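First up is the structure itself, then whatever we jot down about it.
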Amino acid sequence: MNALNRSTFSGNSYTERILQFGEGNFLRAFANWMIHEMNRKADFDSGVVVVQPIEQGMVQMLNDQDGLYTLYLNGIKNGEAISEHQVIDCIQRGINPYENYADYLANADNPDLRFIISNTTEAGIAYSKIDSLEDSPQKSFPGKLTALLHRRFQTFEGDSDKGLILIPCELIDRNGDNLKRIVLQHANDWDLSREFIDWIEKANIFCNTLVDRIVPGYPKDKIETLTQDLGYKDNLIVEGEQFHLWVIEGPESIQQEFPAKECGLNVVFTDNMEPYRTRKVRILNGAHTSLVPVGYLYGIDKVRESLEDLTVGAFLKDAIFNEICPTLDLPKEELDQFANDVLDRFRNPYLEHALLSISLNSVSKFKTRVLPSILEYIKRQNELPKRLLFSLAALIAFYKGERNGASIPIKDNDEVLDFFKSQWASGDISSITKNTLMNISFWGKDLTEYTGLLEAVESNVQDIVAHGMVTALTSHLKS
């Protein structure tokens, strides 16, 4: 059977306009797929040169396949469960700077280079005080980037037209701002010129971004079947869900150079990404966190099964559309569309999310993902959000640590586990509920100060413990 490469598959060649730090599954299933779509549909003509950001990586494997790989997108699309695949051909070559640093730096001399994309993990955008301009290569991603930008500044004699658009995809808040801050710190540490620092500031655009697509990665459990179906060997097959979202915060001019919207891609260009970050945290992450204790104590183990259950599914939809969405400031149509997309993602038959795996550190997740919706709902509506408070009660019951007589393998930090162990040892639900809601180390405030909140949560905890989740939830939905 033939291996996938450009001698066995007629992939296109494009002008090398994008330098990409990271060759992993996420970028290949997310950013590279979008670049592939823009090349096909909008004459973007942008080839990607991939830089291996750490010493151990997959650039050699990528080069063995001439940058080609197969992407499977599986999930709900236009209301139907669809699995589709295509060969992605935007990657032109890969570079290992640990083996060929000169080849890496030479990218700075490319007059066509316009974009830098990265995903070097959450730890990638970090300052390394041991990096220096003379290293080959520097240890950190920002160090390597600073050296490349300095080379470009020198090559083009500070030409402002040769600045770059940087679009980091690392999952940290204000990723572009943080990357720029560290680059400037290196420039100062290395005693680089004031002119270079001004060029960084004025000629380059560091975007903040929000990225969203579930990427399970290499399908090792079914690779033999897929290989037979494809008729060629591909060591870099990657799977992703159908849903995708890329929020890019930066000047409006970026949209003119990055024709994602022309291709129907779910890319949002904005001068303020915070409403979109809040939307994702409150609706997507908040729905997950709200669902976990309710669905699991109900007797369900998977997210998809929770949506398919009429009772649990109705509870979650009501919480999302009637209690979470009203606390957000984006247009209702956008919020409803995003919420429906979230539900489709939860229903995805190709991805199985275990509720217990999502339950890790549930208290801190509830504080950041759900509690803001509760408090904002109270502020805006002047009443209590019944469904979200039921979820809070279910969370307290969940930390009792048992379901239908069987122990629940709860994973959280020792402070949380020790607290609930001592509380549930008393068996006094009234004091358990009150002490939990008053725990400022959990919530950042005393939740019993909100009128009626303690009574509502305590009543729900009593009902769940006394009658079980099935009866309690059914009764709750009728109230």
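The values are calculated or read from the model by the stated rules, or taken from the named source; none is laboratory data. Keep in mind the model is a prediction, meaning the values are calculated, not measured. Counting neighbours? That spans all protein chains shown, and the Cβs are built from the backbone with ideal geometry, glycine included.
Regarding TYR218, is this residue at pLDDT below 95, under 21 Å from HIS36 (Cβ atoms) and either of a type in the set (Ser, Thr, Tyr) or crowded, with 21+ Cβ neighbours inside 10 Å (or both)? So TYR218 fits the description; yes.
Kindly establish whether ASN235 is surrounded by fewer than 19 Cβ atoms within 10 Å (Cβ to Cβ), more than 21 Å from LYS41 (Cβ to Cβ) and touching a helix residue (DSSP H, G or I) at 6+ places or on another chain (Cβ under 8 Å).
On the way: surrounded by fewer than 19 Cβ atoms within 10 Å (Cβ to Cβ): yes; more than 21 Å from LYS41 (Cβ to Cβ): yes; touching a helix residue (DSSP H, G or I) at 6+ places or on another chain (Cβ under 8 Å): yes.
Here the answer is yes, as ASN235 does meet what is asked.
Checking GLN86 against (1) buried (at least 19 other Cβ atoms within 10 Å of the Cβ); (2) under 30 Å from ASP341 (Cα atoms), only one condition comes out false. Which one? Only one criterion is unmet by GLN86, namely (1).
To keep it simple, each residue is scored yes or no on (1) hydrophobic (A, V, I, L, M, F, W, C); (2) touching a residue at least 60 places away in the same chain (Cβ under 8 Å).
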{"site": "GLU415", "(1), (2)": "no, no"}
{"site": "PHE420", "(1), (2)": "yes, no"}
{"site": "TRP424", "(1), (2)": "yes, no"}
{"site": "ASP428", "(1), (2)": "no, no"}
{"site": "THR436", "(1), (2)": "no, no"}
{"site": "LEU453", "(1), (2)": "yes, yes"}
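When the residues of the range 195-215 are filtered to those that are farther than 23 Å from LEU351 by Cβ, aliphatic (A, V, I, L, M) and in contact (Cβ under 8 Å) with a residue 24 or more places away in the chain, the one that is surrounded by the most Cβ atoms within 10 Å (Cβ to Cβ) is ILE200.
Residues in the range 401-460 that are part of a strand (DSSP E or B) and farther than 19 Å from PHE390 by Cα: how many?
Restricting attention to the range 401-460, the residues satisfying the condition of being part of a strand (DSSP E or B) are 402-403, 406-407.
Now restrict to residues that are farther than 19 Å from PHE390 by Cα: 406-407.
So the count comes out to 2.
Residues of the range 279-299 include at least one that is more than 30 Å from GLY176 (Cα to Cα), assigned by TED's automatic domain parsing to the domain that holds VAL363 and outside any helix (DSSP H, G or I).
The set of residues in the range 66-109 being in contact (Cβ under 8 Å) with a residue 12 or more places away in the chain and charged (D, E, K, R) consists of ASP66, LYS77, GLU84, ASP89, ARG93, ASP109. Criterion first (touching a residue at least 12 places away in the same chain (Cβ under 8 Å), farther than 20 Å from ASN460 by Cβ and either crowded, with 24+ Cβ neighbours inside 10 Å or not aliphatic (A, V, I, L, M) (or both)) does ASP318 satisfy it? Taking the combined requirement at face value, the residue does not satisfy it. Within the range 154-210, the set of residues being over 32 Å from the mean Cα position of the chain (by Cα) and outside any helix (DSSP H, G or I) comprises PHE156, GLU157, GLY158, ASP159, TRP190, ASP191, LEU192, SER193.
When the residues of the range 321-355 are filtered to those that are more than 19 Å from TYR298 (Cα to Cα) and basic (Lys, Arg), the one that is surrounded by the fewest Cβ atoms within 10 Å (Cβ to Cβ) is LYS332.
Do you know which residues across the range 67-80 are modelled with pLDDT of 95 or more and either part of a strand (DSSP E or B) or closer than 25 Å to ALA339 by Cβ (or both)? Explain how you work it out, then say what you get.
Step one: of the range 67-80, the residues modelled with pLDDT of 95 or more are 67-75.
Listed by number, the residues that qualify are TYR69, THR70, LEU71, TYR72, LEU73, ASN74, GLY75.
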